[in-house]
Structures are given as C-alpha cells and as structure tokens.
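Novice: Got a structure here, written out as structure tokens. Questions coming.
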Amino acid sequence: MESKFLFAQEVIREAGAFIKDRMSQALIIEEKSDETDLVTSLDKQCQELMIQAIKKAYPEDHFLAEENDVTHPIAEGNVWVLDPIDGTVNFIAQRDHFAIMIAYYENGVGQFGLILDVMQDILYHGGGQFDVYANTTKLEHYHHRDFKRCLVGVNAQMYLENTAGIRDFTSLALGIRVYGGAGISMTQVISGKLLAYFSNIAPWDYAAASIMGEKLGYCLLTIEGEKPDFLTRQQVMFVPTEELSFIQKLVN
C-alpha cells in the first residue's frame, strides 16, 4: 500500500504542475447543471492525465471521477476517486482557492486520501494506515474546543436558506467562512482551523477528506446522520465525531 500511496502523491503533484503551467491560457468554459456549475477544458485534461498515469501503473484498477461520466461503485474492487479541479468557479474567477483531490478505496474501504491546495502548494495526505500530513507537518487528532471560539465552514446557499437550521446553528459559533470549494474547506477542518463544514456535494468532493478525517477524529455524514451514498450529490456535514451528538441536536 505504501508504494501506491507514494505513487498517488507523485500523480497529484504532476497534476498540480500541469494546471499551473496552463492556467494562463485561454480556457473553454462550459455550463453543466446551471450557470454556476462550470467545467473548463483544463478540468477534463487534468482528469485524463491522472487517469492515464494510474492506468499505466495499475491497469486493473477502476475510477469514479467528476468529468465525462466516469463511474464505478467504490465497493467493487480497487477504485480511485478523482476531482481534477475542485472549486472551478474560484479557479475561473480568481485563479486561486482550488484543489485537486484523489481518494483510493479497496472494496469500499478508504485506504488514503490526498488534497492538493494548488496555489498554496500544500499537499494534505494520509488516512487509513497512514498518518495525515500537510506537506511535512503532521496534523493533530481532534480535541474538544469551546464552540463559541470556533469558526464553521458552510455552503452559501444552505446558509442563506437556513437549511436544516444551519444558519441558526452557526450563529452560536464565533463566525462562518465560505470558501467556495469543498476541498479547501475540508482541509481547514482537518487542520483545526474550522470546527466543521456543511455543504451539498458529490462523492469526488468528499471522498479524500472523509478518509483523512476519519484518521483524525472526524466523520462525514449526511445532514440526516447517514453514511453518504457515493452516488449522488447530497447535503453533508464534516464534523468532529466527539461533537456529533451535540451538533445533531441543533442541525436536523
């Protein structure tokens, strides 16, 4: 497993360099479900780059990825879950605050996750049998904190609509942060800068963080408290397991 983990780190670093080398070029931008759900030509190129590199090294493995309807059940065999550019709107508008994400599963069990904050050049990696690091800094397991001194990450639409009472819940905290991308938001959770994160996201958005988070004392569940289905976009929460019962009393 260690060789596969190290290989994944090489792949995600190469994907980050690929994006940086080409991000100043003119992009072909398409709408998917609506005018804010965008994909660029670089998303598709980066995903294909990662798939081809993994296929060459591990030809029997499978993929679940954001672009081009690449699907495979994570419970069946060796499955790589890929998000080539998480935070595409940020990428288009800011050329910043976006991430590349890789998660690896064997028969439904997460083995490791990686999230590369491309512009800050920080690679979060680990989970499963591996400790979790931000580059070379080992991340600490969650320990209880005073909620009134914590920040909470939220999806802007869910906050505005007070979905499941989330706006009311976050009013009890020190404040909220909206980063516009699941990957960046969840790295803030596992590094202890946010207490929790609430959003409406797809499997490739949460897979990597859920594996790393489990190692550090966090859980990723639907707002209803169920395991996500790894099939559809769902409203989820990424929260410290130690604080789950408290949070569930306020968010439902």
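All of the numbers you see were taken from the coordinates with simple rules; none came from a lab. Bear in mind that the values here come from a model prediction, so they are computed numbers and not experimental data. Cβ atoms come from the backbone with ideal geometry, glycine included; neighbour counts cover every protein chain shown.
Novice: Consider Ile51 carefully, then state whether it is free of Cβ contacts under 8 Å to residues at least 60 places away in the same chain, buried (at least 17 other Cβ atoms within 10 Å of the Cβ), β-branched (Val, Ile, Thr) and not in a loop (DSSP other than H, G, I, E, B).
Specialist: On the way: free of Cβ contacts under 8 Å to residues at least 60 places away in the same chain: yes; buried (at least 17 other Cβ atoms within 10 Å of the Cβ): yes; β-branched (Val, Ile, Thr): yes; not in a loop (DSSP other than H, G, I, E, B): yes.
When the stated conditions are applied, Ile51 passes them.
Novice: When the stretch 202-252 is examined, which residues are found to be free of Cβ contacts under 8 Å to residues at least 40 places away in the same chain and among the acidic types (Asp, Glu)?
Specialist: Glu224, Glu226, Asp229
Novice: Residue check, Thr136 against (1) closer than 30 Å to Met23 by Cα; (2) crowded, with 17+ Cβ neighbours inside 10 Å; (3) of a type in the set (Val, Ile, Thr), all met but one. Which one?
Specialist: (2)
Novice: Only one of these conditions is not met by Asp131: (1) in contact (Cβ under 8 Å) with a residue 40 or more places away in the chain; (2) surrounded by fewer than 22 Cβ atoms within 10 Å (Cβ to Cβ); (3) within 24 Å of Glu214 (Cβ to Cβ); (4) in contact with a Phe, Trp or Tyr (Cβ under 8 Å, 6 or more places away or on another chain). Which number is it?
Specialist: (4)
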